[in-house]
1. Multiplying the sequence separation of K66 and T222 by 0.36 nm and subtracting their Cα-Cα distance, what value in nm do you get?
2. Hey, any idea what Rg/Rh is for segment 165-211, computing Rh the Kirkwood way over Cα pairs?
3. To make sure I understand, if each residue's beta carbon is the centre and we count other beta carbons within 10 Å, what order do S221, S230 fall in, fewest to most?
4. For M260, M316, M171, what's the fewest-to-most ordering of other Cβ within 10 Å of each Cβ?
5. Run the quick spin-label model on R292 and L318: label points 7 Å from Cα toward the beta carbon, then report their separation in nm to one decimal.
6. In whole Å and largest first, what semi-axes does the C-alpha gyration tensor of segment 133-223 yield when each eigenvalue is scaled by 5 and square-rooted?
7. Compute the distance in nm between two label points, each set 7 Å from the Cα along the Cα-to-Cβ direction, one at Q119 and one at D178.
8. Going by how many other Cβ atoms sit within 10 Å of their own, how do F199, F206 line up, fewest first?
Amino acid sequence: MRFHAHARSLSSLICFVLASWGVASPRAASAEDLLPVSVELGDVSLTKLPFVVAAENQIYERNGLKVSQFISPLAAELIRQSSGLIVPKENVRTGSSDINIGGGSPTIVRMTTNAHAPQRVILATTESIAHFHVITRGDIRKIEDLKGKRIGFSTPGSLSHLSLLQLFDKMGWDSRRDVSLFERGADIKDLTSKKVDAFAADVIAFDEAMRAGLYDLADLSTFEFPIPGSGVNADKAWLATHRETAARFVKATVDAVAFMKANKPATLQAMRKWYGIEDPAKQEAIYKEVARLPSKPYPSVAGLQKMIDVYDWREMRLHKAADFYDDSFVSELDKSGYIDGLVKETTK
């Protein structure tokens, strides 16, 4: 079912606007007025950076939120293995969360294949087309030559997996017969040790690959493959009784993206504290991608439909794209003129 919001009053919206860091003189709400919410960052990546920035620059508090935010041990370990980054221990813990910041595709694939998966609904998407790069050792220099090769990705249903499947479809290949796909193979070490012949790299892995002298075979963003990328995914049961908290969180997301684009030093500081990234070159490689984060992070409907088409098992086919998202929170901010005003204010 579609999760439609009960319209909040105009006065409530005005209060949020006035609380913004960029529109009026900001003042954090008093501690007793803050609404609690727990937030898990699904991995260490560009698309999680707005939430790190929000935590470090009182953006959550200015939106009336008391946020308990953490990175999962699995996410911390995966980035250590793939890129050598050590996430500070104080930012890593286990536990359930009201909101998960992660890919819509892996979230929904789990929901339709795993009886114990958290049931979530997408409120916002910060990445609606694939931005992965296909990396090789340099022995493969044409996309056509990937046919018959071993190609690494993250996990089945992941954004890297969905992106590669769209590439293969565009090339007219059968992903089961024309290529060999290896999960947990999106690692420079897997490529250099010849466990795979190519892999799909995100912005952090891409920077590492270029520094290691590897070959950038293809930038998948040029194909504009739609994906339900990383974004705000709320627990369905929690959302039913916490719509005001969810509205504040989506607004904080919008505020954080605008803040990042206008405040590079603060963004880099948050990156250092949460991700343990000290190398200025790595910081720059990530920050230069901040410009592509959307000011209006509507859920990616085209990406959801593509996901349903690609992962077309029975349980997935029982649903429409509209079953998986609630765009009312972003839509209300957009229709009010708040987002346009925020963008205008921060680009002065």
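1. Full extension of this stretch gives 52.2 nm more.
2. That ratio equals 1.01.
3. S221, S230
4. M171, M316, M260
5. Between R292 and L318, the simple spin-label model gives 3.6 nm.
6. Ellipsoid semi-axes (Å, largest first): 18, 13, 13.
7. Roughly 3.9 nm, to one decimal.
8. Lowest to highest Cβ neighbour count: F206, F199.
Quick note: the coordinates plus some simple rules give every number you see, no bench work behind them. Since we're looking at a predicted model, the values are computed, not measured. Cβ coordinates were reconstructed from backbone atoms using ideal geometry, including for glycine residues, and neighbour counts include every protein chain displayed.
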